[in-house]
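The values are calculated or read from the model by the stated rules, or taken from the named source; none is laboratory data. If you're wondering where the values come from, they're calculated on a predicted model, not measured in any experiment. Reconstructed Cβ throughout: ideal geometry from the backbone, glycine too, with neighbour counts over all protein chains shown. Calculation scope for accessible area: heavy atoms of the full protein, side chains included, ligands and nucleic acids excluded. Shrake-Rupley method; radii C 1.70, N 1.55, O 1.52, S 1.80 Å.
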Amino acid sequence: NFLKVHLCSYTRVIPSLPFSESSVFLPGVSASGMGLRLSQKFVFLLFLSGLVTLCFGALFFLPDSVRLKRIFLSKNENPAVTVGSDNELSKKVPGDPEHLRAGLKGGEGANVKLKVSRKPSVTHGARTVERSVGSRAQDERSPARAQEPAARDERVTSAAHNGERASAYSYEAFKKCLLKPALGKNKGTPSDSETLQRREKVKEMMKFAWDNYKRYAWGQNELRPLTRNGHIGNMFGGLRGASIVDSLDTLYIMGLMEEYEEAKEWVQNNLNLISNGEASLFEVNIRYVGGLLSAYYLTGAEIFKQKVVELGEKLLPAFNTPTGIPRGVINLGSGTSWSWGWASAGSSILAEFGTLHLEFLHLSQLSGNPLFTEKVMNIRKLLNKIEKPHGLYPNFLSPVSGNWVQHHVSIGGLGDSFYEYLIKSYLMSDKTDQEAKKMYYSAMEAIETNLVQKSPGGLTYVAEWRGGILDHKMGHLACFSGGMIGIGADDGPTEQRQHYLDLAAEITHTCHESYSPTKLGPEAFRFDAGAEATATRLSDRYYILRPEVIESYMYMWRLTHDPKYRQWGWEAVEALEKHCRVDAGFSGIRDVYASTVSHDNMQQSFFLSETLKYLYLLFSDDDLLPLEDWVFNTEAHPLPVIRKTCLQEHGAKHDHGQTDLE
Ligand code: DMJ
């Protein structure tokens, strides 16, 4: 203010000065002390204020890591979390699937009208909205919390050093530690002609989706197939090309090599990580970090490793909270982070901070920087220690106190991939991560005791829990749990193994039941008031090309080879072709029960990354990305099992960068 008044409105300051000082400025009276006249003093002050302004302004051009900048500016960079009243999202019709994003489960949150605080706003896509389950009114009013970026860990800032370490990683050695070739003996080509034809059809769908994205939305985040243009969205903090990064591995495993090369070239030349927007930590991690990691491990192309380590470093400031539990939103430029405005009392979301582990362990592997692993191990430690109501993990946790904020529990929206990452952490550690294993099976026990239900019609489902009261519904997102329980069955207590496999099959069956009559499923379906896996609310009837049901078919096929899973997958392919394919791509639909289709005009990037990949794998032989060697992150990006002894023997690992797990 001092500078402002002096530069812009000098005279206005005079009346506010005490007499003794303002008298200095009276005409004709010489300035005391220096013997300057008023006009001289005026010029001098003007010059001084100009100089100060210049210096202060220059701070903005310094890199974030410069100490001076941190000292002077950190306190001013506290824009409140604003989930957009004045942004695109808030103007949409609640529940409009066009603007609901993937994300975490919790379709009912789609109806939440988000509140704005002030600019700059964080306009998250639907994923955010979807996650607004729970005491909605309270969420809407909850004040946005801001987090100042704490001083950065010096181990993060030395990019050159990390670059060196990253290039020290031996890809050849890593490959020696795989039990089987990643793409199988024959790229997973099935021997029977019907399955082969079906697989070819899925590949054609991928090519069609890709070609249209390329034609109408190249470089933007997603394709709007009806209006034939691109969509940038607001979850990725200004990063572009989400569909490209999400597609790299799918294109590669399908053998769409020309397309893969285009995608790689785009990453090399156009994926600009210098961005100053607010991003969802979760979304950037699962799509960009996950996509780049997989692309690197599958192809060995150095560019993916360089990009992913650079991006990973930009996410680290989100962990600078009193507990180390990251907040949901981060400015990729300044490192400032916030909690979502809709999340109760500035809380962080279980499925967000609980879905970083796989990718962060690999970031440490590739970069040689243990910091990534330390961050996620700290989250693990806190979650392991904290008291859990009935052994359950509620969805909202305060990053300040480390306590639960409200007791809403769900294996669908807001909770889902936290459980997924527990069992996958165990599997990805070559079954050495005993803590993850224990936490997963204890959580499963609590879920079975408290949430798993049988409907009057005999369907098994996983209800949601609100402080002890059951909500008899399942979100589409919760349907991933069939596959998850399936892959976890074998390592459970011996007497429970068959039971877990049966439970996985039952849940997958229930989710298949929800896919009717169009053979595509609603966002959420219920089991009360006579409903048997049907959506009873209009606002739950949309389908946005989600993968979870097909994901479970894929795992159940691999685990049982029961032909019904391939049959169900094929039903889904036919339904996608019939209801979602439009002239310029694939689109979600607004009502899976309507006889006349209404499209939402969005080709989600996870359709390319997950839905089509899982379908392709379903119609491939099991040796394409064998489960002994690979775990899929929650966006279906395959990450290799870390075989630490083997890696050490072959010198793939750095001698520094050892982690807790190693
Ligand atoms: C994907 O982005 C991920 O699977 C995430 O975990 C939740 N679901 C969406 C797609 O539905």
(request) Confirm whether Gly391 is of a type outside the set (Asp, Glu) and surrounded by fewer than 20 Cβ atoms within 10 Å (Cβ to Cβ). (result) yes
(message) Please pick out the residue among Leu356, Leu363 that is out of contact with any Gly (no Cβ under 8 Å at 6 or more places or on another chain) and crowded, with 24+ Cβ neighbours inside 10 Å.
(response) Leu356
(request) Output the number of residues of region 578-607 satisfying the condition of being assigned to a helix (DSSP H, G or I) and either modelled with pLDDT under 95 or in contact with a strand residue (DSSP E or B) (Cβ under 9 Å, 6 or more places away or on another chain) (or both). (result) 4
(message) Among the residues in region 312-326, are any buried (at least 21 other Cβ atoms within 10 Å of the Cβ) and without any contact (Cβ under 8 Å) to a residue 24 or more places away in the chain?
(response) no
(request) Restricting attention to region 608-643, report how many residues are aliphatic (A, V, I, L, M) and outside any helix (DSSP H, G or I). (result) 8
(request) Could you tell me whether region 547-557 includes any residue that is away from the ligand (no atom under 16 Å from the Cβ), open to solvent by 10 Å² or more (accessible area, probe 1.4 Å) and of a type in the set (Phe, Trp, Tyr)? (result) yes
(request) At least 1 residues that are in contact with a helix residue (DSSP H, G or I) (Cβ under 9 Å, 6 or more places away or on another chain), within 30 Å of Ser348 (Cβ to Cβ) and not charged (D, E, K, R) in each: list the strands (runs of 3 or more DSSP E) lying fully within region 202-309 that qualify. (result) 229-231, 278-280
(message) Suppose we keep only residues that are in a helix (DSSP H, G or I) and open to solvent by 40 Å² or more (accessible area, probe 1.4 Å) within region 461-503. Which one would you say is nearest to the ligand (Cβ to nearest atom)?
(response) Leu501
(request) From the list Leu414, Leu397, pick out the single residue that is on the phi > 0 side of the Ramachandran plot, in contact with a Leu (Cβ under 8 Å, 6 or more places away or on another chain) and surrounded by 17 or more Cβ atoms within 10 Å (Cβ to Cβ). (result) Leu414
